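Contents: one structure, followed by commentary.
The values are calculated or read from the model by the stated rules, or taken from the named source; none is laboratory data. These numbers come from a predicted model, not from an experiment. Quick reminder, even Gly has a Cβ in these numbers, built from the backbone with ideal geometry, and neighbours come from all protein chains shown. The area values use the complete protein model at the heavy-atom level, side chains included, leaving out ligands, DNA and RNA. Shrake-Rupley method; radii C 1.70, N 1.55, O 1.52, S 1.80 Å.
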Amino acid sequence: MNQELYIRKPERSDLEELSECYQNSEIFHRPWSYPPKNVRAYLEEEHRYFVCLQATGEIVGTFNISSIIRGHFQSAYLSYEVFHPHQAHGYMRTGIRLVLKEAFEELNLHRLEANIQPGNKASIALVAKAGFVKEGLSKNYLNIGGKGWKDHERWAIINPKWRSE
């Protein structure tokens with residue numbers, strides 16, 4: 001397994017490659033996720049990160065840290081997708097470690113939460129191996145792709161080195 005990976009922020013020039021990534025992964029992602037309706041807005045999300053191969057710069061997956069709440073919470077949500085044909089190569093396992101470092105060291109978050117549909121075994125395995133703990137089930141939590149409300153397991157990880165500012 002080639003683990004020569006890095007994370008980076010999206011750029012407008014990624015529009016074509018990202019569109020191809022979603023097109024190639026459409027069947028693979030369903031029913032867990034659907035392509036963004038507005039790819040330009042997606043590229044401009046403040047804490048969106050691409051996981052890329054060091055050798056080629058190719059995008060293999062994406063992570064997003066969203067809804068950051070400061071004050072007494074210091075928490076956010078984590079979402080992610082791997083793109084076909086890069087699944088099952090360990091890239092997202094490396095990517096999540098890089099994103100957790102960003103979330104906890106650079107953004108100084110105390111808590112990060114991932115909400116996952118119960119049948120998405122690969123996603124659950126990813127967060128469990130990264131140290132997330134299952135906290136419960138949220139009924140009718142998200143309207144996935146506008147296709148209907150889906151239950152989600154709530155997984156979270158706490159930053160053991162969180163520092164008050």
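Residue count for region 6-51, restricted to those that are in contact with a strand residue (DSSP E or B) (Cβ under 9 Å, 6 or more places away or on another chain), under 25 Å from Gly148 (Cα atoms) and open to solvent by 50 Å² or more (accessible area, probe 1.4 Å): 4.
Do we have Gly71 as out of contact with any Pro (no Cβ under 7 Å at 6 or more places or on another chain) and closer than 20 Å to Ser33 by Cβ here? Against the criterion (out of contact with any Pro (no Cβ under 7 Å at 6 or more places or on another chain) and closer than 20 Å to Ser33 by Cβ), Gly71 does not qualify. Residues of region 150-165 being surrounded by 11 or more Cβ atoms within 10 Å (Cβ to Cβ) and among the charged types (D, E, K, R), which ones? Within region 150-165, Lys150, Asp151, Glu153, Arg154 qualify. Residues considered: Lys147, Lys129, Lys101. Of these, the only one that is open to solvent by 70 Å² or more (accessible area, probe 1.4 Å), without any contact (Cβ under 8 Å) to a residue 60 or more places away in the chain and either farther than 22 Å from Arg70 by Cβ or of a type in the set (A, V, I, L, M, F, W, C) (or both) is Lys129. For region 76-98, filtering for residues that are over 11 Å from the mean Cα position of the chain (by Cα), open to solvent by 20 Å² or more (accessible area, probe 1.4 Å) and polar (S, T, N, Q) leaves 1.
For the criterion of being without any contact (Cβ under 8 Å) to a residue 24 or more places away in the chain, outside any helix (DSSP H, G or I), farther than 23 Å from Glu17 by Cβ and among the hydrophobic types (A, V, I, L, M, F, W, C), Leu109 fails.
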